[in-house]
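See below for the structure under consideration.
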Amino acid sequence: MTALSRYDLNGRTALVTGAGGLLGRQHVAALVEAGARVVVTDIDTKYADAAISAIRETSPSADLVAAAIDVTSQDSVRAAHEALAGRGIAVDILVNNAAIDPKVTSTPGVMHSSRFEAFSVPQWQTEIAVGLTGAMLCSQSFGGAMARRRRGVILNIASDLGVIAPDQRLYRQPGVTREDEQPVKPVTYSVIKHGLLGLTKYLATYWAEHGVRVNAISPGGVFNNQDPAFVERLMRLIPMGRMADVDEYRAAIQFLCSDASSYMTGQNLVMDGGRSVW
Ligand SMILES: NC(=O)c1ccc[n+]([C@@H]2O[C@H](COP(=O)([O-])OP(=O)(O)OC[C@H]3O[C@@H](n4cnc5c(N)ncnc54)[C@H](O)[C@@H]3O)[C@@H](O)[C@H]2O)c1
């Protein structure tokens, strides 16, 4: 086996959650490029279908299957797992990607709802349910089946904010004079992303002898036409002086989901332009 052939995913089936979003589509494209069949899932099949149409424009022969999975619902995850099994589809690679990342904007005159002192229990529960409970439920169903087959890979999509705290100066809005009206990156994002790294280590050791490897990737922010003032402030915090291009994580996804990383489990690959080491 050559080193390059270890990246080959022909004959493997991957499943990506939240695959209709910005990075989910990139993960699907990366897995397709390496030869995998990919189950493209999102909370509604219309998002999965849209992602599939976009990917087919550049990869017309891609082997793609759409499925609706609400990762917050154990019933939804189990039903999808059973439906796929009924079609003879066993998932070898699970990418826990779905998350909610609320836009940080401000409403003058009221304490901002993103601030820790005002943070509501429903918002806490909603975001944790998608970003953290969702990864647990999908790992339980699909990872459990991998462990029984004694083969599989789970990749949790964390963030540079799974390693460092958010720098709240990035999110300050000009003209908002009262401190408690300034929006912040919500506490949930930190808790979810740090939690995913805990889940990664837990499952890596739990299933190490069952042939299931579990790793995480911590991407830095992707440039997506954000407010120029925000981008300017963020760039100053990144040694490489720029945000990531949207397709810049594809090679890492291929590495972490394939036998190229066959002796790696329980780890977190930080790709953040150096931000977390400054
Ligand atoms: N974009 C970035 O700069 C960046 C940086 C670091 C980490 N990340 C992480 O990468 C992942 C993807 O981010 P993105 O920017 O593509 O986000 P996105 O908002 O574009 O996509 C998220 C997807 O999750 C789906 N989703 C929401 N609730 C769901 C549910 N209950 N069940 C199933 N799917 C659900 C949404 O429909 C959406 O398609 C997230 O985990 C995010 O935290 C993103």
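In the stretch 17-28, the qualifying residues are those that are open to solvent by 20 Å² or more (accessible area, probe 1.4 Å) and touching a residue at least 60 places away in the same chain (Cβ under 8 Å), and the one that is farthest from the ligand (Cβ to nearest atom) is Gln26.
In the stretch 188-245, of all residues being of a type in the set (Lys, Arg), touching a helix residue (DSSP H, G or I) at 6+ places or on another chain (Cβ under 8 Å) and in a helix (DSSP H, G or I), the one that is most open to solvent (accessible area, probe 1.4 Å) corresponds to Arg233.
Inside the stretch 149-170, can you point out the residues that are more than 21 Å from Gly131 (Cα to Cα) and in contact with a helix residue (DSSP H, G or I) (Cβ under 8 Å, 6 or more places away or on another chain)? Within the stretch 149-170, Arg150, Gly152, Arg169, Leu170 qualify. Are there any pairs with C-beta distances below 7 angstrom linking a residue in the stretch 91-102 that is more than 20 Å from Asp63 (Cα to Cα) to a residue that is at pLDDT 95 or above and charged (D, E, K, R), with the two at least 6 apart or on different chains, and if so which? Close Cβ pairs (under 7 Å, with a partner that is at pLDDT 95 or above and charged (D, E, K, R)) amount to Ile100/Glu127.
Residue check: Phe142 meets all listed conditions (1) among the aromatic types (Phe, Trp, Tyr); (2) farther than 27 Å from Gly221 by Cβ; (3) open to solvent by 60 Å² or more (accessible area, probe 1.4 Å) but one, namely (3). All told, Asp44 falls short of being at pLDDT 95 or above, in contact with a strand residue (DSSP E or B) (Cβ under 7 Å, 6 or more places away or on another chain) and within 25 Å of Leu256 (Cα to Cα).
Is at least one residue of the stretch 165-172 part of a helix (DSSP H, G or I) and free of Cβ contacts under 8 Å to residues at least 60 places away in the same chain?
So in the stretch 165-172, the residues part of a helix (DSSP H, G or I) come out as 168-171.
After this cut, where a residue has to be free of Cβ contacts under 8 Å to residues at least 60 places away in the same chain as well, the list is 168.
Within the stretch 165-172, one or more residues are part of a helix (DSSP H, G or I) and free of Cβ contacts under 8 Å to residues at least 60 places away in the same chain.
The values are calculated or read from the model by the stated rules, or taken from the named source; none is laboratory data. Keep in mind that this is a model prediction, so the values were computed, not measured. Cβ: placed from backbone, ideal geometry, glycine included. Neighbour counts: every protein chain shown. Accessible surface is based on the protein model in full, side chains and every heavy atom, while ligands, DNA and RNA are left aside. Shrake-Rupley method; radii C 1.70, N 1.55, O 1.52, S 1.80 Å.
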